[in-house]
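A short reminder: the numbers here are calculations on the coordinates, not readings from a lab. The model shown is predicted, which means the values in this text are computed figures rather than measured ones. Ideal geometry is used to build each Cβ from the backbone, glycine not excepted, and the neighbour counts take in all protein chains shown.
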Amino acid sequence: MSPSAATTTPANAAETPVELSEIEQIVTKLAKSGIKNPRSASKGGFADSWVENLPATTKARFEKYGIDISQGYPQRPPTEDIPIFVDQAHAVRDKEVPYIERAKNADPEKKALFAAAKEVKNLTKHIGTEIIGLQLSDLTDQQRDELALLIAERVVVFFRDQDLDPKIQADLGAYYGNVEYHPQQVHVPGLPGTTVIWQDLLIKLGLNIGFKNNVKAGTSQWHTDLTHELQPPGITHLHNDAIPDVGGDTIWSSGYAAYDKLSPAFQKFLDGKKAVYFSAHNYLDRENPLKGRVNVEREHPIIRTHPATGWKSLFVNRAMTRRIVGLEPRESDLILEYLFSIFEKNLDIQVRFNWKPTKAGLGTSALWDNRVSQHFAVWDHEGNEPRHGTRVSSLAEVPYFDPESKSQREALGLSLN
């Protein structure tokens, strides 16, 4: 899910053993063998345009803030920038880049942020806070820092009735980290880091989803975004500007609380271990392109420490975690299945949020810490009402485990039983 363009030489690669003419021959062979050309489903520009079906509230938002959809919507990166080989995909972000943890600059009491709001509501004991009466576009840097700390502590924070310029959403994402520019994902025209979340378009393009098979289709499964990245996202911001009257909720689950659900002996066993995480998109192996498509893979700690809170979090997810390093496959599968179930089955560490604003024509934003959470988009409106959003993911630090760090409940002095 993270590649740069290449025709004859991939970015950051030392050499390209396959020349363009050979690539063309390979693609021909793949077509004859029934394996799809990786670029064929991802044509650049506005090949997937469905501007005529854009929800009215989305069109109004774009018109108000000067987003040009006259050429089509959404926009896809240029075809030549869509990688073919897995080494090209891996090379896009294979070197660590500087990252500033904004939450470390924040007032622990968050006085500037809370004083500007009409109300601050914790939606559950362990996860989820809603801030009422405050526009994200009006935040000062001090308030942005305090919001980053609140997100780190409460995992996900919600803002209804937002009148949000997509360009300001992109700017806020850049403040919180290095904006992820996705080489396949469709985006708002002119804003390549502002990706489009619009399942109706995916259905039009062939996503097989319906009442009987809406689980594991698109985002309707438990997942954590982009865990295969060298520096996976920290704060992720989804602004929904078209929301069903009923349904279309999203559920988040806390990685802090999931870790605290484990026994001390099991925590000790997992501390310091790593897992292999893989990309949603797949590519060809340059050394053996006829074997089929493969994913980008990277290793990260199963238990990671949050740089702002210092709390340990369980960092696995069913959609993108392949195996635990150093274990036999059956051992890994059994343990991962149990760890996935902690997030998915413990309702007390989840929050379910309905996006509907209180004022017509406005949208709702959710900002969550992707490092310490999983989420699940509930597809119960069955496409009968539009649901459309724009998302900015801010890449954070390389995941790490600090053996001196504490769990959330241990740090807060709560019962560990």
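So the values come out like this:
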item	result
Estimated D of segment 299-382 in µm² per second, where Rh is the Kirkwood radius over Cα pairs and Stokes-Einstein applies at 20 °C, 1.002 mPa s	138 µm²/s
Taking the convex hull of Cα positions in the chain, its mean projected area over all directions (nm²)	20.8 nm²
For segment 244-258, 3J(HN,Hα) per residue [Karplus equation, 6.51 cos²θ - 1.76 cosθ + 1.60, θ = phi - 60°, Hz, x = Gly/Pro]	x, 5, 9, x, x, 5, 10, 10, 10, 10, 8, x, 4, 5, 4
Assigned charges on the beta-carbon of Lys, Arg, Asp, Glu; the chain dipole about Cα centre (debye)	800 debye
Phi-based couplings in Hz for segment 372-383 (Karplus 6.51, -1.76, 1.60; Gly and Pro marked x)	10, 7, 10, 9, 8, 8, 7, 9, 9, 7, 6, x
Where labels lie 7 Å past Cα in the beta-carbon direction, separation of Lys291 and Asp165 in nm	5.0 nm
Two-site FRET efficiency, Tyr65 against Leu123, from Cβ-Cβ distance with R₀ of 41 Å, rounded to 0.05	0.90
Rounded to 5, percent antiparallel among DSSP beta bridges of the chain	90 percent
Violating pairs (Cα-Cα greater than 27 angstrom) within the set Lys273/Lys345; Lys110/Lys268; Lys212/Lys291; Lys261/Lys356	Lys110/Lys268; Lys212/Lys291; Lys261/Lys356
Most fluctuating residue given options Val372, Val196, Val398, as computed from a GNM of the chain linking Cα atoms under 10 Å	Val398
Long-range amide H partners of Gly234 with built H, under 5 Å	Ser394, Leu395, Ala396
Viscosity 0.890 mPa s, temperature 25 °C, Stokes-Einstein D of segment 242-380 from Kirkwood C-alpha radius, µm²/s	143 µm²/s
Mean Cβ count within 10 Å, highest first, over the residues of peptides 103-111, 244-252, 308-316	308-316, 244-252, 103-111
